[in-house]
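Participant: After the structure tokens below, expect a handful of questions from me.
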Amino acid sequence: MSGGKTLGKKYYLDPPKILVLGFGTIILIGALLLTMPISTVDGKGLSFLNALFTSTSATCVTGLVVVDTGTAFTLFGQLVILSLIQVGGLGFMTFATLFAFLLGKKISLKERILLQESLNNLSIEGIVRLAKRILIFTALIELLGAILLATRFSFDMPLSKAIYYGIFHSISNFNNAGFDLMGEFHSLTGYVDDPTVTLTVCILITLGGIGFIVMNELFEYRKVKRLSLHTKIVLITSATLVAAGTILIFLLEFSNEKTLKPLSFTGKILASLFQSVTPRTAGSNTLNIPDLTQTSLLLIIFLMFVGASPGSTGGGIKTTTFTTLLGAVWSQIRGKEDVIFYRKRIVYETIYKALTVSVSGLFLVLIITMLLTITEPGKDFLMILFEATSAFGTVGLSMGLTPELSPIGRVLIILTMFAGRVGPLTIAFAVTIRRNPDAFRYPKGKIMIG
């Protein structure tokens with residue numbers, strides 16, 4: 001009996017289950033707060049389903065909204081959303097560590113393992129030091145972003161409002177959430193050709209999306225003078241995707257009367273850059289998304305599916321997953337057995353995990369898209385696919401479908417955002433019993449491929 005109890009205890013308390021339950025608890029608390037009359041301007045509070053949708057979107061740092069954040073919520077409601085964004089972006093375990101620091105409590109081995117799982121770090125070594133630096137990096141970056149944005153906003157609104165808007169949009173975009181206070185679902189379209197807002201938000205999104213492990217390595221580079229393979233792949237892949245996306249959107253939208261054509265040449269470049277950066281799971285936009293050409297929309301769907309990098313505030317299958325799969329394909333084409341990056345061989349376990357994450361994400365997007373075509377009859381297929389991918393990648397961009405979703409459609413998007421933030425594999429590990437490897441191996445079987 002004692003052995004059974006031990007097994008049961010392990011089953012309920014392993015890291016994936018704690019992470020899933022932790023995020024679920026935060027979402028539920030946020031939803032209950034948003035149903036309170038004090039949260040909304042009309043004094044009625046949101047319905048539970050809409051509150052659950054908003055809380056999930058904020059905690060999973062997505063940015064899809066069924067009601068306009070700037071006009072529907074009171075200051076209390078907006079601060080609830082902002083708190084959910086901050087906790088969801090950094091992870092509740094990082095905040096639990098912060099409170100432990102403040103209380104002078106020692107971080108236990110179990111909490112270190114949870115931190116490692118939450119931050120998607122390869123090793124438990126130095127995990128507490130990393131958590132401390134994450135909190136410092138976050139505070140400094142968000143403060144600097146808030147100052148720059150508030151300074152610019154102060155030319156368009158009262159100083160107190162500009163400061164609040166600067167803080168809100170800095171936190172929202174660093175955490176890749178995409179919530180905004182501009183009203184009427186306009187996002188940052190009013191600043192499409194403004195270099196201060198565009199470049200500041202792009203930098204916030206990029207820093208939040210490359211991952212804290214990469215950020216920490218860049219910080220230590222002046223001492224060690226070297227970067228890990230992980231950091232090199234993240235930086236090269238991220239830069240390549242942003243550059244390629246900027247060039248393609250610039251070319252595809254150059255003559256589009258509704259997007260780039262009316263802008264100056266500098267405005268065209270800024271708008272193209274922003275629309276290339278924001279699908280990396282941020283959700284803010286400076287161009288009206290439904291006005292983009294279908295080719296640009298398909299490109300953005302691809303960028304949203306790839307998403308940010310491991311250990312970041314963003315979602316998607318991640319940049320390293322995408323690059324690993326490309327490396328495996330290229331090795332097969334060349335007839336090579338190993339996948340090599342920078343004279344380092346990628347182990348098969350990593351390739352299998354990359355394949356599993358990609359296929360799981362693809363199936364989730366396809367299944368949700370198929371179900372939405374049933375629950376949202378008459379809606380354009382590309383609009384539905386865009387919505388499903390945006391939810392999975394925790395991006396927050398929308399072609400306008402979100403406020404029009406049926407109750408069942410909203411539940412489907414809630415589940416997709418949750419899966420996208422926590423990770424399909426984490427959820428799978430949380431709901432299944434993982435057995436030890438088999439003591440024997442089956443004989444080889446051969447099938448034809450291609």
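The values are calculated or read from the model by the stated rules, or taken from the named source; none is laboratory data. Since this is a predicted model, take the numbers as computed values, not measurements. Cβ placement follows ideal geometry from the backbone for every residue including glycine, while neighbour counts extend to all protein chains displayed. Side chains are part of the model used for accessible areas, which takes the heavy atoms of the whole protein and leaves out ligands, DNA and RNA. Shrake-Rupley method; radii C 1.70, N 1.55, O 1.52, S 1.80 Å.
Participant: When segment 172-190 is examined, which residues are found to be surrounded by 24 or more Cβ atoms within 10 Å (Cβ to Cβ) and either among the aliphatic types (A, V, I, L, M) or assigned to a helix (DSSP H, G or I) (or both)?
Facilitator: Listed by number, the residues that qualify are 172, 173, 174, 177.
Participant: Give the residues of segment 202-239 that are touching a Leu at 6+ places or on another chain (Cβ under 7 Å) and closer than 23 Å to residue 250 by Cα, sorted by residue number.
Facilitator: 202
Participant: Additional query: Please find, within segment 42-62, the residue that is nearest to residue 409 (Cα to Cα) out of those that are out of contact with any Ser or Thr (no Cβ under 6 Å at 6 or more places or on another chain) and in a loop (DSSP other than H, G, I, E, B).
Facilitator: Only one residue tops the list, namely 47.
Participant: Hey, residue 59 hits all of (1) under 17 Å from the mean Cα position of the chain (by Cα); (2) surrounded by 15 or more Cβ atoms within 10 Å (Cβ to Cβ); (3) over 22 Å from residue 397 (Cβ atoms) but one; which does it fall short on?
Facilitator: Tallying (1) under 17 Å from the mean Cα position of the chain (by Cα); (2) surrounded by 15 or more Cβ atoms within 10 Å (Cβ to Cβ); (3) over 22 Å from residue 397 (Cβ atoms), residue 59 fails exactly one: (3).
Participant: Picking from 369, 375, which residue would you name as being more than 27 Å from residue 89 (Cβ to Cβ), open to solvent by less than 40 Å² (accessible area, probe 1.4 Å) and polar (S, T, N, Q)?
Facilitator: Step by step, each of 369, 375 is checked, and only 375 is more than 27 Å from residue 89 (Cβ to Cβ), open to solvent by less than 40 Å² (accessible area, probe 1.4 Å) and polar (S, T, N, Q).
Participant: Looking at 360, 398, which is the one that is in a helix (DSSP H, G or I) and over 15 Å from residue 323 (Cβ atoms)?
Facilitator: After ruling out the rest, the residue left standing is 360.
Participant: A further question follows. Could you tell me which of the residues 309, 296 is hydroxyl-bearing (Ser, Thr, Tyr), in contact with a Lys or Arg (Cβ under 8 Å, 6 or more places away or on another chain) and open to solvent by less than 20 Å² (accessible area, probe 1.4 Å)?
Facilitator: 309
Participant: Spot the failing condition for residue 310; the list is (1) assigned to a helix (DSSP H, G or I); (2) touching a residue at least 40 places away in the same chain (Cβ under 8 Å), and only one is missed.
Facilitator: Of (1) assigned to a helix (DSSP H, G or I); (2) touching a residue at least 40 places away in the same chain (Cβ under 8 Å), only one is false for residue 310: (1).
Participant: Tally the residues that are farther than 18 Å from residue 79 by Cα and open to solvent by less than 50 Å² (accessible area, probe 1.4 Å), restricting the search to segment 150-171.
Facilitator: 3
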